[in-house]
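Novice: Pasting a structure here, questions to come.
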Amino acid sequence: MLTETLQQKTRPWRQRLRNGHARLFASEQLSQAEQTPYDTLFDDDLVKLRYYPPLQEKAIPLSDGTIMPVNQTSQRTPLVLVAPLAVNMLIYDLFPQRSLVRYLRARGFELYMVDWGRPGKHHNHLSLSSYFADYLPKLLVQVRQHSGKQKLSLHGWSFGGLFSLCYTAVSNDPDIENLVLVGTPCDYHRNGALGAQYRRLSRQAKWIRNNTGLRIHDVPARLLRSPGWMNSLAFKLTNPVGSLQGYMNLVKNLHDREFVTAHATNGAFLDDMVAYPGGVIQDIVRYLWTDNVVASGNLPMENSEGHLSQVTANVLNITGANDPIVTRDCSHAMDALIRSKDKTFITIDGGHMGILGSTTAQKQSWGSIADWLIARD
């Protein structure tokens, strides 16, 4: 009897130890991310193009417990997800019941995704324009050949939105029908607390440039490379209280295997971010932070004739009410620059990651995005 009572008392602690050990040393096995099948259409050992074929299920579960039927007919206009830099692709397919790619595929979209890969030190020559002016045109050719469709819709989050906007401006591609821009920066100097820091840095960088002739592009790109662990840390520091609270909640809920699994799944994204090439950092400092060129409609590249006034595609702009990385004012500055006649601007709850892949985004924006695109199909 005494032995049985002792076992009952120690059982919860054994469970906590097992779950804690799994979270620390076997988190990849716990992760529920990236379960939606896809085909790789292009791979040059860095950049990849994915295609998500039709789902085999007749219905899919959502995070609120409801079941959504899978559309058996496809929308006419293929949709291309353009990812930002520094992130891995798990955020688009984080949980089976909270997967943006699974949701959009279930709504009937022929779905493609651009994965910018994991740049190594030998990729430090890559610049911002390498992605939107060199890579993206080639990848969209692949999409058009595979889909048999000329007209496309682009969905870009963060830098992916900026790349989609800049590609449309520099290419004069008349067959980009729709742009869905989520947390997409435009005027960096109107970006809340970060904007104040950018303005201060701009004054200092311009003083140095005017008085010494030294520019950020004079610094070797290899010295400016930002490794993945640093990007993960910087992202977490945008909400340090929330990041710390997440680990405290893990300790409190080590007895709950489902909670530990969810924490490991989120961690698979947050703890495994990707490096910025040195050339990209040079462009960010010069074009975005110092000269803030996009705020006047210019593109972050050398000798470009492209301008945001050349964007005429339908635009859906989504910002986060609590996003410290790209504020509403920063993103909405594009309204006065683009010539699109059909423009919709909405703000939802959440921060920079939350407006793309959270439960809140699933409730507040995924359906709106799909409905908006279908109405223009």
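The values are calculated or read from the model by the stated rules, or taken from the named source; none is laboratory data. For clarity, every value in this text was computed on a predicted model and none was experimentally measured. Heads up, the Cβs are rebuilt from the backbone with ideal geometry, glycines too, and the neighbour counts pull from every protein chain shown. Side chains are part of the model used for accessible areas, which takes the heavy atoms of the whole protein and leaves out ligands, DNA and RNA. Shrake-Rupley method; radii C 1.70, N 1.55, O 1.52, S 1.80 Å.
Novice: Express the carbon and sulfur contribution to the solvent-accessible surface of segment 41-126 as a percent, rounded to the nearest whole number, probe 1.4 angstrom. Please report the intermediate quantities before stating the final value.
Specialist: Working: 1750 of 3320 Å².
Looking at segment 41-126 in its full context, I get 53 percent from C and S.
Novice: Ranked from highest to lowest mean number of other Cβ atoms within 10 Å per residue, what is the order of the peptides 302-309, 128-135, 173-180? It would help to have the intermediate numbers written out before the result.
Specialist: Details: 302-309: 14.0, 128-135: 21.6, 173-180: 19.4.
In descending order of packing, they fall as 128-135, 173-180, 302-309.
Novice: Taking a probe of 1.4 Å, how large is the accessible area per residue of segment 107-224, in Å²? Present the calculation step by step, with values, prior to reporting the outcome.
Specialist: Numbers: 5100 Å² over 118 residues.
Solvent-accessible surface per residue comes out at 43 Å².
Novice: Residue-wise, which Karplus ³J(HN,Hα) couplings in Hz belong to segment 159-170, taking 6.51 cos²θ - 1.76 cosθ + 1.60, θ = phi - 60°, and x for glycine or proline?
Specialist: 4, x, x, 4, 4, 5, 5, 5, 4, 4, 6, 7
Novice: Below 19 Å, Cα to Cα, which lysines can residue 48 reach? Residues fewer than 8 away in the same chain don't count.
Specialist: Straight-line reach from residue 48, under 19 Å: 121, 138.
Novice: Then there is this: Give me the net charge for the shell around residue 198: Cβ to Cβ below 11 angstrom, other residues only, Lys and Arg +1, Asp and Glu -1. Intermediate results must be reported in sequence, preceding the final value.
Specialist: Values: positive: 190, 199, 200, 203; negative: 187, 291.
Net charge around residue 198: +2.
Novice: Please list, ordered by chain and number, the residues whose modelled amide H lies under 5 Å from the amide H of residue 68; skip anything fewer than 5 residues away on the same chain.
Specialist: 60, 62
Novice: Let me ask something else about it. Name all residues of segment 280-300 having a backbone nitrogen under 19 Å from the label point set 7 Å from the Cα of residue 197 along its Cα→Cβ direction, giving them as ranges.
Specialist: Residues 280-293 qualify, since their backbone N sits under 19 Å from the label point.
Novice: Can you list the HN-Hα couplings for segment 53-66, worked out from phi with the Karplus curve (6.51, -1.76, 1.60; θ = phi - 60°), rounded to whole Hz and with x for Gly and Pro?
Specialist: 3J(HN,Hα) across segment 53-66, in whole Hz: x, x, 5, 7, 6, 8, 7, 10, x, 10, 5, 8, x, 7.
Novice: Under 1.5 on a/c is rounded, so check that first for segment 165-220, then, if it is not, pick prolate when a/b is larger than b/c and oblate when it is not; a ≥ b ≥ c are the square roots of the alpha carbon gyration tensor eigenvalues. Intermediate values should be presented prior to the final figure.
Specialist: Details: a/c = 3.97, a/b = 1.76, b/c = 2.25.
Cα axes put segment 165-220 in the oblate bin.
Novice: Further, regarding this structure: If each of residue 212 and residue 305 carries a label point 7 Å out from its Cα toward its Cβ, how far apart are those two points in nm?
Specialist: 3.7 nm
Novice: Ok, one more. First check a/c for segment 279-377, with a ≥ b ≥ c the square roots of the eigenvalues of its C-alpha gyration tensor; if it is under 1.5, answer rounded, and if not, answer prolate when a/b is larger than b/c or oblate otherwise. Numbers along the way, then the final one.
Specialist: Details: a/c = 2.44, a/b = 1.39, b/c = 1.75.
Note, shape of segment 279-377 comes out oblate.
Novice: Counting only the heavy atoms of the protein chains, how much of residue 283 is accessible to a 1.4 Å probe, in Å² to the nearest 10?
Specialist: Here the residue's solvent-accessible area equals roughly 10 Å².
Novice: Heavy atoms only, probe 1.4 Å: what % of the accessible area of segment 131-179 goes to carbon and sulfur, would you let me know? Present the calculation step by step, with values, prior to reporting the outcome.
Specialist: Values: 730 of 1570 Å².
Carbon and sulfur: 47 percent of the exposed surface of segment 131-179.
Novice: Explain nothing, just the number: relative contact order of segment 80-207, from Cα pairs under 8 Å at least 6 residues apart, as a whole percent. It would help to have the intermediate numbers written out before the result.
Specialist: Details: 139 pairs, mean separation 33.3, N = 128.
Reported as a whole number, the value is 26 percent.
Novice: Which value, in Å² rounded to 10, gives the accessible area of residue 232 with a 1.4 Å probe and all protein chains present?
Specialist: My reading of the accessible area for residue 232 is about 10 Å².
Novice: What is the gain in length, in nm to one decimal, between residue 134 and residue 56 on full extension, counting 0.36 nm per residue of separation less the C-alpha to C-alpha distance? Don't skip to the answer; put the middle values down first.
Specialist: On the way: separation 78, 0.36 × 78 = 28.08 nm, distance 3.50 nm.
Residue separation times 0.36 nm, minus the Cα-Cα distance, leaves 24.6 nm.
Novice: Provide the solvent-accessible area of residue 274, counting protein heavy atoms only and rolling a 1.4 Å probe, rounded to the nearest 10 Å².
Specialist: 10 Å²
Novice: Moving on to the next point. Between segment 282-325 and segment 68-120, what is the C-alpha centre distance in whole Å?
Specialist: 24 Å
Novice: Same structure again: At 0.36 nm per residue, and after removing the present C-alpha to C-alpha distance, how many nm does the segment from residue 73 to residue 142 gain when stretched out fully?
Specialist: On the way: separation 69, 0.36 × 69 = 24.84 nm, distance 2.26 nm.
Additional length available on full extension: 22.6 nm.
Novice: Given points 7 Å out from each Cα along the Cα-Cβ axis, report the residue 150 to residue 233 separation in nanometres with one decimal.
Specialist: With each label point 7 Å from Cα toward Cβ, the separation is 5.1 nm.
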